[in-house]
Amino acid sequence: MNGDGLHDIFIFDSHNNRVIPFLNDGSPGVNAWHFAPSYISKFPPINKWALLYDYNCDGKQDLFTLSLSPPSGIAVYRNDYTLANGLRWTLVNPFLQERFATITTNIFASGLSLPTFIDVDDDGDMDILGYNSVPDGRVVYHRNVSMDQFGHCDSLKFEYATGCWGNFSLRIGSTNSVSCFHCPCREASPDFIRLYEDSVQYDPTEAARRDDTISKVFAIDLDGNGAKELLIGDISSENTLLVHNGGTPSSAEMDTQDVSYPSNDVSAIFNGFHFHSYIDLDNDSKKDLLVLAHEFANRRGMWWYKNNGTNAFPVFSKQSEGFLQDNMIDVGENAAPVFFDYNADGLLDLIIAGTVYANSTTGDKSGLSVYKNVGTATEPSFEFVTNDFGSLSLLGYSSPWFPAFADMDADGDEDLILGIEDGTLQYFNNSAGPGNTASFQLAIPHFMGIDVGNVATPQLFDLNKDGKLDLLVGEKNGFINYFENAGTTGSAFFPSIPTNDTLGCIIRRMPLSPDGFTVPFAYDSLGKTRLLVSDFSGNIYEYRNIVNNLNGCFNLTDSIFDLPESSRVKNNLTISGADINADGMTDLVIGLSTGGVHIFLQREPTLSVDELGEKLPHFDCYPNPANDKLQIVLKTFNPSETIRLNVSDCLGRILYSETVTEKVWKIDTQNFAAGIYFVQVRTEKNSSAQRVIISH
């Protein structure tokens, strides 16, 4: 992808419509792979699946995908990478065609019946093996005649060679296995074949015929003789099927099968319609085998089988059920991350609600995962601690969950409000006390009688700027509910009926659907209160004109994230944030329905590239830690320049904001709660921040 001569990894997550690229740094082992999001936008539109093969023999992998418009077919994008232009793709053909008898027709493919691209007959050009438009247990061979007619491999001219490649047939409507070897080839309608074939070979029931084999075939030479074997995954089975080729490249003859491949090691047995890939995964110059699940589930990842043989005679042994995922944050599905200092060490940790598969008896289990921040205030680094913080999974709440943390009772530690699927909020008191690792106990099961219908996603934020935390709650129906805090800073009270059940006139719903699954995140930035809202469609929208307009309509200013994460139901994306690198700006954490997390660091949104190069404002804060007073000394003070001084807490809430008119500026901190704060000095061209501790 980047022209360094090393093979990289391209993943297309079909059920979530995501391109996931990884660059190879060349080092040995699986740590060579590095997520490269900047390459996501460099790939062409992909429909249902994507496979790579260098069809024109120029040393660059080309891309094949399902045609973007009917009828079903195969689209081809040529890889036109150059050092000058980087990764570029050119649509060569939206529908690959072939000569069939006296007519020309599209080569069939569908969203489930994927073909395999390989030089079947070893003549130097790329052929295609796949399925008929009506599954009949046979493999169709589409032969490329580029070498025959032109003497080179860079053309895509196909002829229908046979509908019975390998002279075998898969069992229809049953297990993923071979029904017969050396079967007579009857290229007729499937109904005719079913009547003609021996009833032992095919289950004659109507149910079986409706459950015809729909498979993914993958061609691979496993014994070095040039004749291609097949690895096959079936939509209704849990095994990888190996069908061995005892023939030659020009005359395939399938003769034996392994229904639990690889039977010499741990067999790839798991639900999910197996796909396969053959690539060097650990930079030892030997291609390894990946077995993947096509159907979405939070039980299995990518099974890695290391090649302990050679590329000509591979011998596979299972290494991992989570290639790449083993080193990632993955909480199963419905990830809802927020930042919270759970161990009171002054660093924001990552708390993620999610749902994982426990076992066949329990099924899915929802809980809170903790990733401890083992970095610094300016350079966070997260380390896994537990996937069931406080054993909250035992409460049995259905997924999805969404957590919110704040000190609700003014006792110096932050409590937990948990939104759950039934639309209610659960209040957990933190009994740890200041400076101790959080310890939560369920105090109020149905907090304040609040019920937003389905899938409550709460946030605590002082929206009306009266010094008390208000409550914002998103919901399944696509609205944002606002509950004004009618209590005190030490004893919050919220009405059971929303103060405003359509805050900001926000209604975020999928087209032709009543559902929106909104998640609100309000924060202060550049002296303004802003609101981000994620929704079911995979977007995150920014709203402004909020303060003093809580009964009016907010201004939709931007869509800051517009890559749909999932095609499944329930939550798609969640949004939260805090200042995690002490630069005075709010960073974002996005939870993915697939269980992962994105973190985005905020950069100065109003500055040009040239302005970003301007010198940062330089200042000192002392004493640090501070008690009742904090003194700010501006070392680059310019009286003709507008300078703004902000003090915010760990959640990004601005607690103090003034225009500075003197080089030495004093702040009264007597009313600040003990804790960690960030002092930000903002000039007309740039800003910088420092971390301070206030202790009384």
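Of note:
- In terms of its C-alpha gyration tensor, region 491-548 has an oblate overall shape, because the principal axis ratio a/c (a ≥ b ≥ c, square roots of the eigenvalues) is not below 1.5 and a/b does not outweigh b/c.
- In a reduced charge model with +1 at each Lys and Arg Cβ and -1 at each Asp and Glu Cβ, region 256-387 shows a dipole moment near 380 debye about its Cα centre.
- For region 373-390, 3J(HN,Hα) computed residue by residue from phi via the Karplus equation (6.51, -1.76, 1.60; θ = phi - 60°) reads 7, 9, x, 10, 5, 9, 9, x, 8, 10, 10, 5, 10, 7, 10, 8, 4, x Hz, glycine and proline entered as x.
- For region 535-556, backbone nitrogen atoms closer than 11 Å to the point 7 Å from Cys505 Cα along Cα-to-C-beta are found at 552-556.
- Semi-axes of the equivalent ellipsoid for region 1-40, Cα gyration tensor, largest first, Å: 20, 11, 7
- Taking the Cα centre of the chain as reference, the dipole from Cβ charges on Lys and Arg (+1) and Asp and Glu (-1) amounts to some 1040 debye.
- Comparing Cα centroids, region 429-481 and region 257-327 end up 44 angstrom apart.
- Residue-wise HN-Hα couplings along region 325-332, as the Karplus relation 6.51 cos²θ - 1.76 cosθ + 1.60 with θ = phi - 60° gives them from phi, are 5, 4, 9, 10, 6, 8, 9, x Hz; Gly and Pro carry x.
- Amide H contacts of Leu573 (H built 1.01 Å from N, in plane; Pro and chain starts excluded): Asp535, Gly538 sit under 5 Å, all sequence-distant by 5 or more or on other chains.
- Paired Rg and Dmax values of the chain, which use every Cα atom, in angstrom: 29.8, 96
- In this structure the amide hydrogen of Trp89, modeled in the peptide plane, comes within under 5 Å of the amide hydrogens of Asp80, none closer than 5 places in sequence on its chain.
- Rg ratio for region 243-355: its Cα radius of gyration over 2.2 N^0.38 Å, N being its residue count, equals 1.49.
- Here the accessible area of the chain is 51 percent carbon and sulfur, with a 1.4 angstrom probe and all protein chains present.
- Using the Karplus relation 6.51 cos²θ - 1.76 cosθ + 1.60 with θ = phi - 60°, the per-residue 3J(HN,Hα) values for region 468-473 come to 10, 6, 8, 10, 10, 9 Hz, with x marking Gly and Pro.
- Once the 1.4 Å probe is applied to the protein heavy atoms, the chain comes out at 42 Å² accessible per residue.
- Cross-link table Lys372/Lys629; Lys216/Lys476; Lys216/Lys306, entries beyond 29 Å C-alpha to C-alpha: Lys372/Lys629; Lys216/Lys476
- Partner aspartates and glutamates for Lys468 [C-alpha distance under 13 Å; skip if fewer than 8 residues away on the same chain]: Asp407, Asp409, Glu484
- Database remark: amide H of Ile480 closer than 5 angstrom to the amide H of Leu503, Ile506 (H placed geometrically; neighbours at sequence offset of 5 or more, or on other chains; Pro and chain starts carry no H).
The values are calculated or read from the model by the stated rules, or taken from the named source; none is laboratory data. If you're wondering where the values come from, they're calculated on a predicted model, not measured in any experiment. Please note: Cβ atoms are built from the backbone with ideal geometry, for glycine as well, and neighbour counts cover all protein chains shown. Only protein heavy atoms, including side chains, enter the accessible area calculation; ligands, DNA and RNA are left aside. Shrake-Rupley method; radii C 1.70, N 1.55, O 1.52, S 1.80 Å.
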